[in-house]
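Before any comments, here is the structure.
The values are calculated or read from the model by the stated rules, or taken from the named source; none is laboratory data. Quick caveat: nothing in here was measured; it's all calculated off a predicted structure. As a convention, Cβ positions derive from the backbone with ideal geometry for all residues, glycine included, and neighbour counts pool all protein chains shown. To get the accessible areas, we keep the full protein, side chains included, count just its heavy atoms, and leave off ligands, DNA and RNA. Shrake-Rupley method; radii C 1.70, N 1.55, O 1.52, S 1.80 Å.
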Amino acid sequence: MADLSARWAALGLPSPRSQPLSEGARARLAHLAELRDIGGPSEAARAGAEFAGERWLRPDLLGVRPWLAPDTPAREVVPAVLRAEWTGFLALLGESGPWVYAPDVRALQELSGAYAALVTAARTAPEAEVLLAAERSLALGAHRTLLVRLEVTPYRQPTRSGVSAERLHDLETAFWTLAGTQAAQAHARWQARR
């Protein structure tokens, strides 16, 4: 157990399962926790100011948008995304989930579904498998921390036939690939119209 704790700490999580999780919060792990309709510069500026203090807003949105400056201040990230992709929805998928910017409701539903698949799979996985998957994912990008974020709470209910680290890693990779693809398509459409 000490070895697992040290490995979680190396991923930036010194106290796994340290935040309590009510039954209501458990049910909302993969549901929208925040949603803003970004219809223009004023909404983008308001959302940027409102969520600038959110730890994962900046890395989540910039991590899948290599065309934006990596040193964009947190307060300016949502306005920068708007300028690059135009209108959309800014959302936090689950209380411990990722921040996303989706061009439309369908895209948001796709992202939500991909994240829910990861949460559902991780919920039944043994800790060692979740940890191994988290280590693999984080090696691919500093923003790829979805499993680490989930592990802050006692969300897992392991079963004997829980999924493997490889499957969890594939699910997280699929989520980030989808987020990046949607962002790139929105960016390309907006650039073509300008």
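The figures follow:
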item	result
Selected from Leu147, Leu171, Trp8, residue furthest toward positive end of dipole (the chain; charges at beta carbon)	Leu171
Computed FRET value (nearest 0.05) for Thr87 with Leu32, which takes r as the C-beta separation and R₀ as 25 Å	0.90
Of Ser22, Gly53, Leu82, farthest towards positive along the dipole that unit charges on Lys, Arg, Asp, Glu beta carbons give segment 1-121	Ser22
Radius ratio Rg over Rh of the chain, counting only Cα atoms, Kirkwood formula for Rh	0.98
Backbone N within segment 128-166 under 19 Å of label point (7 Å from Ala184 Cα along the Cβ vector)	140-144
Under 12 Å, Cβ to Cβ, from His169 - net charge with Lys/Arg +1 and Asp/Glu -1	-2
Other-chain or far-sequence residues with amide H under 5 Å of Phe89's (modelled H)	Ile38, Ala102, Asp104
Rough spin-label spacing in nm, given labels placed 7 Å along Cα→Cβ, for Ala139 and Ala117	2.3
Calculated FRET efficiency for the pair Arg55/Gln191, C-beta based, R₀ 35 Å, to 0.05	0.70
Contact order relative to length of segment 1-124, as percent, for alpha carbon pairs under 8 angstrom and 6 or more apart	29
GNM top mover of Glu172, Glu23, Glu54 - the chain, alpha-carbon springs below 10 Å	Glu23
Ser42 paired with Ser164, simple spin-label distance in nm, labels 7 Å along Cα-to-beta-carbon	5.5
Listed residues Arg106, Arg123, Arg65 arranged by accessible area, highest first, probe 1.4 Å	Arg106, Arg123, Arg65
